[in-house]
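Down below is the structure, laid out as structure tokens.
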Amino acid sequence: MILSMTGYGAAEGESRGLKLSVELKSVNNRYLDIAVRMPRTFFFAEEGVKAAIQGRVSRGKVDVFINVDSSGAENMAVAVNAVLARGYAAALKNIAELCGAKEDLSASVIARFPDVLTVEKPETDSEGFTADLEKILTAALDAFDAMRRREGEALRADIESRLCLIEELVARIGARSPETVKEYRERLYARMVEVLGTVGVEEQRILQEAAVYADRVAVDEELVRLGSHIAQARKMLKEGSPVGRKLDFLIQEFNREANTCGSKCADGEIARVVVDLKAEIEKIREQVQNIE
């Protein structure tokens, strides 16, 4: 099955009272590039996340967003920094005495100062958290791959249709090529008759010139190779991903043969067909850039 390098997937879950959400999105890239964004407290799980993605994705730039909401976690405790609170209280009392102001030493006032109150979280069970995260990540990867499969199927269908068009264009060049030699021989004969008259025309000489011309404009080998490339591309599409790099290389070979046909042809009709051929090859090349 063909997979696109463009995809998106998301999943949510819980771990020890922590709400977790995982989002993945990817775009085209020559190699596999994974960027994980998650709270620093949970960096111990990053390598496991990357390993799980590497097991499912071979190419593309993948951005992973992991959010952890601890607001609903149990065993959260609020601690008072007694030393700091007493320090703030003494400082406020001193200010009141220095300025002759009214003292306001209520608990609510002191509690507003930085670090007087702190929220203490229980120590994270790293192994348990990682296991729970991997389950959520798997669900997100399943959704991610489902989108990549849908996109990949659309790419495969489009490339298959263009391969059929290329096959038709190659057949047209193959059918037209012998006609160009025949027309050249007729034009050469007419020109020699015009110059020398029917008596002075040497049939053998005309045949020799036509043979040289036919050898110069012959594209049989190029057409055979193009046919082979078409068959190979279809085989790769049938085998499924990862084939993006192989297809990219094969399309370069398509272009090489098409360019050779264009440089050899001395016929307007074939030249127009070659232009159409190169246009279809370019469209396939653009689509191949999206395949894993």
Worksheet, complete the sentence: The lone condition CYS99 fails out of (1) over 55 Å from the mean Cα position of the chain (by Cα); (2) surrounded by 11 or more Cβ atoms within 10 Å (Cβ to Cβ) is (2)
Item to complete: Identify the residue in segment 2-27 that is in contact with a Ser or Thr (Cβ under 7 Å, 6 or more places away or on another chain) and outside any strand (DSSP E or B) and, among all such residues, is surrounded by the most Cβ atoms within 10 Å (Cβ to Cβ).
Response: LEU3
Worksheet item: Can you name the residue in segment 234-255 that is among the basic types (Lys, Arg) and surrounded by fewer than 15 Cβ atoms within 10 Å (Cβ to Cβ) and is also modelled with the highest pLDDT among such residues?
Response: LYS235
Worksheet, complete the sentence: Scanning segment 6-51 residue by residue, those touching a helix residue (DSSP H, G or I) at 6+ places or on another chain (Cβ under 7 Å), touching a residue at least 60 places away in the same chain (Cβ under 8 Å) and aliphatic (A, V, I, L, M) turn out to be ALA10, ALA11, LEU20, VAL22, LEU24, ALA45, VAL49
Worksheet entry | Which listed residue, of ALA266, ALA271, ALA233, ALA279, is farther than 19 Å from ARG172 by Cα and of a type in the set (Gly, Ala, Ser) | ALA233
Worksheet item: Residues of segment 125-134 being part of a helix (DSSP H, G or I) and either exposed (fewer than 14 other Cβ atoms within 10 Å of the Cβ) or modelled with pLDDT of 95 or more (or both), which ones?
Response: SER126, GLU127, GLY128, ALA131
Worksheet item: Within segment 28-55, restricting attention to residues that are assigned to a helix (DSSP H, G or I) and among the aliphatic types (A, V, I, L, M), which residue is modelled with the lowest pLDDT?
Response: ALA45
Worksheet item: Within segment 259-269, is there a residue that is in contact with a Lys or Arg (Cβ under 6 Å, 6 or more places away or on another chain) and buried (at least 19 other Cβ atoms within 10 Å of the Cβ)?
Response: no
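In segment 266-292, which residues are touching a strand residue (DSSP E or B) at 6+ places or on another chain (Cβ under 7 Å) and in a loop (DSSP other than H, G, I, E, B)?
ASN290, GLU292
The values are calculated or read from the model by the stated rules, or taken from the named source; none is laboratory data. Computed from a predicted model, the values in this text were never measured in an experiment. Ideal geometry is used to build each Cβ from the backbone, glycine not excepted, and the neighbour counts take in all protein chains shown.
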